[in-house]
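The values are calculated or read from the model by the stated rules, or taken from the named source; none is laboratory data. This one's a predicted model, so the numbers in the text were calculated from it and none came from an experiment. Using ideal geometry, Cβ is built from the backbone for each residue, glycine included, and neighbour counts are taken over all protein chains shown.
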Ligand code: ADP
Ligand code: ZN
């Protein structure tokens, strides 16, 4: 039996390594650098814990685990203690004396695994300790957990992670293993560059979570949609509902409670003791529904979360995947449910446009938003698309692995809404052209830009006060989109905004001082106006269209 195998059994009580763990562990014990991409629940911790123990036994000294998650440090150090392994952590929760004690233990070579918050790597004091250990050949391994935090393209950029280049420069020759549960191609490349892992071996697991059923619905009355979803499919079960704003978290938690659901709010603006107690209740009690911002969830390991719902659209697919990944860690069926609408796309676009970031960065963020909207508006298998985003062909495993010749990529998973109830496509190209023409014409007529409501009124030929006021019943496109319903046009606008064929222009009202988002053309509008780009939409829209038409006739 290899030493890795015996550590797995004796210390952790597991029979077998899972998936790529064996290969990773052997590689790292032998002193190789590694980049590990493995979905949540895949078993990343063992990939550095087993090598740390093995290398300590071989006389290499202490392994340093860099982690941003204080809760995770506590849990893991506690579990390692119970298994008889000497572990400790250094983070902001320790007193001066406690810190000193850990430092002394570290110097005396008593610690096998030391967990440290990334900002430690910036302190001369901690680096001094590492220097001493390094000089004695007692610095065994660096494990960098949540490695996507180093990348500004990732969904959880932490500037402190940038300091981790020091590991490579100052302690050359000490092996490093970086781990993350999310990384699209761009983030992955950034991790490699920032952490200087060009020569590291990459271990990429399949990102498929077969027990999670993906469902994405158009927003109508999202609170009621959510209530129905919970009542019909998850009564009395634990779940997380992600909202964009703190205010929304509190309102929604209250509404759920009023409807007999055991819900609690969680966001970074709540007092620390309340957050802690809500988190504890979520973990210990059965069937608690946590309404939360994305501040909730990292490092929380609750196996029986039966659903994750998004009542607002996240920023990008990585965020969506990470958050939905908290469902069903026990392998039993779980739901990932999301509702999205035009307002989500407008909000997200605005946040990007208004951020102080550089244009290049904004462009990337828009591309990522577009990809998520593409997933939302898709009419084919959600899983196939989700995995493709992470560079994986469904049924074939991760792109980097060798695969049998006869293997064929699958096009359907049978466990997402689109596979279970295939929607039809509706061609929105004509509606898109008419919409853009209307925006052009009203701007031409009045030299002003307008919000979605007014544009739709002009397009659908509604004689509103505002239409009369601006004389927009005289523009040539007035009423040319009569056959389209508002939901249809909203779907068209979402698509156009996400692809950049439609832009937002901020207008401040002279009377009220309110700020409005108005619609304007962009360089990307041309191709749609000229009919060079087709716009495909989901059937839900087409259905309401045909109903309307048959009513008329
Ligand atoms: P991740 O960090 O990738 O989300 P963890 O390291 O927390 O995953 O592991 C997820 C769960 O799987 C944990 O409960 C862990 O004990 C368990 N686990 C990991 N590896 C194995 C294995 N080889 N055999 C059995 N259980 C394992
Ligand atoms: Zn599917």
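Could you tell me which of the residues 268, 309, 336, 327 is assigned to a loop (DSSP other than H, G, I, E, B) and more than 16 Å from ligand 1 (Cβ to nearest atom)?
268
Restricting the search to region 150-183, which residues are part of a loop (DSSP other than H, G, I, E, B) and either in contact with a helix residue (DSSP H, G or I) (Cβ under 6 Å, 6 or more places away or on another chain) or surrounded by 22 or more Cβ atoms within 10 Å (Cβ to Cβ) (or both)?
151, 153, 154, 155, 156, 158, 171, 174, 175, 181, 182, 183
Among the candidates 56, 9, single out the residue that is more than 31 Å from the chain's Cα centre (by Cα) and either assigned to a strand (DSSP E or B) or away from ligand 1 (no atom under 15 Å from the Cβ) (or both).
Among 56, 9, only 56 is more than 31 Å from the chain's Cα centre (by Cα) and either assigned to a strand (DSSP E or B) or away from ligand 1 (no atom under 15 Å from the Cβ) (or both).
Residue by residue through region 377-394, note down the ones that are part of a helix (DSSP H, G or I) and either crowded, with 22+ Cβ neighbours inside 10 Å or near ligand 2 (Cβ under 10 Å from one of its atoms) (or both).
382, 383, 384, 385, 386, 387 - these are the residues of region 377-394 that are part of a helix (DSSP H, G or I) and either crowded, with 22+ Cβ neighbours inside 10 Å or near ligand 2 (Cβ under 10 Å from one of its atoms) (or both).
Of all residues being assigned to a loop (DSSP other than H, G, I, E, B) and in contact (Cβ under 8 Å) with a residue 60 or more places away in the chain in region 35-50, which is farthest from ligand 1 (Cβ to nearest atom)? Just the residue, please.
So the residue we want is 39.
For region 12-34, which positions are assigned to a helix (DSSP H, G or I), closer than 17 Å to residue 144 by Cβ and out of contact with any helix residue (DSSP H, G or I) (no Cβ under 7 Å at 6 or more places or on another chain)?
Of everything in region 12-34, just one residue is assigned to a helix (DSSP H, G or I), closer than 17 Å to residue 144 by Cβ and out of contact with any helix residue (DSSP H, G or I) (no Cβ under 7 Å at 6 or more places or on another chain), namely 27.
Kindly provide the set of residues from region 484-536 that are in a helix (DSSP H, G or I) and touching a strand residue (DSSP E or B) at 6+ places or on another chain (Cβ under 6 Å), ordered by number.
Of everything in region 484-536, those that are in a helix (DSSP H, G or I) and touching a strand residue (DSSP E or B) at 6+ places or on another chain (Cβ under 6 Å) turn out to be 491, 496.
Please go through region 96-124 and pick out each residue that is in a helix (DSSP H, G or I), within 21 Å of residue 170 (Cα to Cα) and touching a residue at least 12 places away in the same chain (Cβ under 8 Å).
103, 106, 107, 118, 119, 120, 121, 122
Looking only at residues in region 406-426 that are surrounded by fewer than 16 Cβ atoms within 10 Å (Cβ to Cβ) and near ligand 2 (Cβ under 8 Å from one of its atoms), which one is nearest to residue 208 (Cα to Cα)?
If we take residues in region 406-426 being surrounded by fewer than 16 Cβ atoms within 10 Å (Cβ to Cβ) and near ligand 2 (Cβ under 8 Å from one of its atoms), then 414 is nearest to residue 208 (Cα to Cα).
Given the criteria in contact with a strand residue (DSSP E or B) (Cβ under 9 Å, 6 or more places away or on another chain) and not in a helix (DSSP H, G or I), does residue 248 qualify?
no
Could you tell me whether any residue of region 192-204 is buried (at least 17 other Cβ atoms within 10 Å of the Cβ), in a helix (DSSP H, G or I) and either at pLDDT 90 or above or under 20 Å from the mean Cα position of the chain (by Cα) (or both)?
Yes, there is a match, as at least one residue in region 192-204 is buried (at least 17 other Cβ atoms within 10 Å of the Cβ), in a helix (DSSP H, G or I) and either at pLDDT 90 or above or under 20 Å from the mean Cα position of the chain (by Cα) (or both).
When region 42-66 is examined, which residues are found to be touching a strand residue (DSSP E or B) at 6+ places or on another chain (Cβ under 6 Å) and modelled with pLDDT under 95?
44
Could you tell me which of the residues 219, 215 is touching a residue at least 60 places away in the same chain (Cβ under 8 Å), surrounded by fewer than 22 Cβ atoms within 10 Å (Cβ to Cβ), within 30 Å of residue 365 (Cα to Cα) and in contact with a helix residue (DSSP H, G or I) (Cβ under 6 Å, 6 or more places away or on another chain)?
Result: 215 is the single residue among 219, 215 that is touching a residue at least 60 places away in the same chain (Cβ under 8 Å), surrounded by fewer than 22 Cβ atoms within 10 Å (Cβ to Cβ), within 30 Å of residue 365 (Cα to Cα) and in contact with a helix residue (DSSP H, G or I) (Cβ under 6 Å, 6 or more places away or on another chain).
Where residues in region 134-149 are touching a helix residue (DSSP H, G or I) at 6+ places or on another chain (Cβ under 7 Å) and not in a strand (DSSP E or B), which of them is modelled with the highest pLDDT?
147
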